[in-house]
Amino acid sequence: MADLASTAAETPVDPANWTCPAPLRDQPVVVMGHGGGGALSAELIHDVFAAAYGNPVLAGMGDSAVLNLGGVRLAFSTDSYVVRPLFFPGGSLGDLAVNGTVNDLAMSGARPAYLSAAFVLEEGTELAVVDRIARAVGAAAEAAGVTVATGDTKVVEAGHGDGVYVTTAGVGLVPEGVDIRPQRARPGDAVIVSGPIGQHGVAVLSVREGLEFGAEVTSDTAPLADLVAAMLAVTPDLHVLRDPTRGGLAASLNEIARASGTGVRLYERSLPVPEAVAGACGFLGLDPLYVANEGRLVAFVPPGEADAVLAAMRAHPQGGGATVIGECVAEHPGMVVVATGLGGTRVVDLPLGEQLPRIC
């Protein structure tokens, strides 16, 4: 033991050789965490993009921008999809490209109408794969009730892509009297999630890494505009809607808390985590609150409307598992906490990067 201690003492320590599972905050280059929807993403957006071309419309930082154009209120959104692998249980890159943009529009209360679809193809990719993804885009658009009205195709050299990337943008109409944005969260609001969480991230990971968790976990990817319409039919006064994709429920709730200057209190025993997802996360050391979803929404609803909205959600196919998971509070503004089953409290912070990169 003494020899070992002596050797350790004589060995020079070089901090440059240390590694850390989370990227450092002062990285001079892009790291994977910059695309994770957490603190690094927020810094990239604020310090680079908003600094370069920020404006009052962009400052809203919602899932989609609401624009007044010719007397009409339009929601407008764009997103790129780089998921690996291209196909996974319950969906594919094509489904995500449609449902993700449709859902971003729906989170403003809009009725999605038209999409664009731009494909970046890597040289050497099998045309059968491209055809399969294109057909998935068409089927998902039909299911969501939207039209792919325009698009573009580019090809990059072999080794300069990852098979297929897709970027979609979309527009939709926002009904009169609807004002849904993160700044509108109020103390007393019920926090409702539309169904079980964590399925998409675990589904993608299971295929990517060849893991089995006892029961197959399938992605929850689905369009949510009809569900939102059912909720608005109960009350147009929905305060906030978000689809918790990158960074999971934790990232979405932290963004809402910080934008509104309120706090969020969750109840651990109310969180709808499927047994297979809980088992997979336990095995991999992940927190389901940070795992991505692609067919779920979280809503902040005035307390007087919560029961009626919850009933409407449960009557819809995409909201059958809806449940109240917490409340918006005046305490600890800008912070999300979970009341544990043992009577304690833990802070759920904004993730630094992402537990599972390339999931959408």
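Once every DSSP H run of n ≥ 4 in the chain is given -39500 (n - 2.57) and the sum is divided by its residues, what mean residue ellipticity at 222 nm do you get, rounded to the nearest 500 deg cm²/dmol? Before the final figure, lay out each step's value.
Working: 10 runs with 104 residues, N = 360.
Taken over the chain, the calculation gives -8500 deg cm²/dmol.
Using θ = phi - 60° and the Karplus curve 6.51 cos²θ - 1.76 cosθ + 1.60, what whole-Hz ³J(HN,Hα) does each residue of segment 116-131 get, with Gly and Pro shown as x?
10, 9, 10, 9, 10, 10, 8, 3, x, 5, 5, 4, 4, 5, 4, 4
Excluding THR101 itself, calculate the net charge of residues whose Cβ lies under 10 Å from the Cβ of THR101, where each Lys or Arg counts +1 and each Asp or Glu counts -1.
Details: positive: none; negative: ASP63, ASP79, ASP104.
Value of the local net charge: -3.
Let me check I've understood the local charge: for LEU297, count other residues with C-beta under 9 angstrom from its C-beta, Lys and Arg +1, Asp and Glu -1. What total comes out?
So the environment of LEU297 carries a net charge of +1.
Ordering VAL178, VAL155 by how much accessible area each has at a 1.4 Å probe, largest first, what is the list?
On the way: VAL178 10, VAL155 105 Å².
Ranked from most to least accessible, the order is VAL155, VAL178.
Lys and Arg at +1, Asp and Glu at -1: add these up for the other residues within a Cβ distance under 14 Å of LEU224 and post the number.
Details: positive: ARG111, ARG242, ARG296; negative: ASP63, ASP95, ASP104, ASP220, ASP226, ASP243, GLU294.
With Lys, Arg at +1 and Asp, Glu at -1, the net is -4.
Got a sec? Charge dipole of the chain, +1 on Cβ for Lys and Arg, -1 for Asp and Glu; which of SER219, GLY321, GLY35 is way out at the positive end?
Farthest towards the positive pole: GLY321.
First check a/c for segment 262-360, with a ≥ b ≥ c the square roots of the eigenvalues of its C-alpha gyration tensor; if it is under 1.5, answer rounded, and if not, answer prolate when a/b is larger than b/c or oblate otherwise. Mind dumping the intermediate values first?
On the way: a/c = 1.66, a/b = 1.17, b/c = 1.42.
Since a/c reaches 1.5 but b/c is at least a/b, the shape of segment 262-360 is classed as oblate.
Just to check I understand the Karplus step: with θ = phi - 60° and J = 6.51 cos²θ - 1.76 cosθ + 1.60, what whole-Hz values come out for segment 224-237, glycine and proline as x?
So the Karplus estimates, Gly and Pro as x, are 10, 4, 5, 4, 4, 4, 5, 5, 5, 5, 7, 7, x, 8 Hz.
Provide the per residue accessible area, probe 1.4 Å, for the chain, rounded to a whole number of square angstrom. Working shown, then result.
Numbers: 16910 Å² over 360 residues.
Solvent-accessible surface per residue comes out at 47 Å².
Hey, can you grab everything whose amide H is under 5 Å from the amide H of LEU352? Only 5+ residues off in sequence or another chain; H modelled, so Pro and N-termini drop out.
The list, which skips near neighbours in sequence, is ALA39.
Report, to the nearest whole %, how much of the accessible area of the chain belongs to carbon and sulfur atoms, 1.4 Å probe, protein only. Can you show the working numbers first?
Numbers: 9620 of 16910 Å².
Heavy-atom surface of the chain belonging to carbon and sulfur, 1.4 Å probe: 57 percent.
The values are calculated or read from the model by the stated rules, or taken from the named source; none is laboratory data. None of these values were measured; they are calculated from a predicted model. Backbone-built Cβ (ideal geometry, glycine too); neighbour counts: all protein chains shown. With ligands, DNA and RNA removed, areas are computed over all heavy atoms of the protein, side chains included. Shrake-Rupley method; radii C 1.70, N 1.55, O 1.52, S 1.80 Å.
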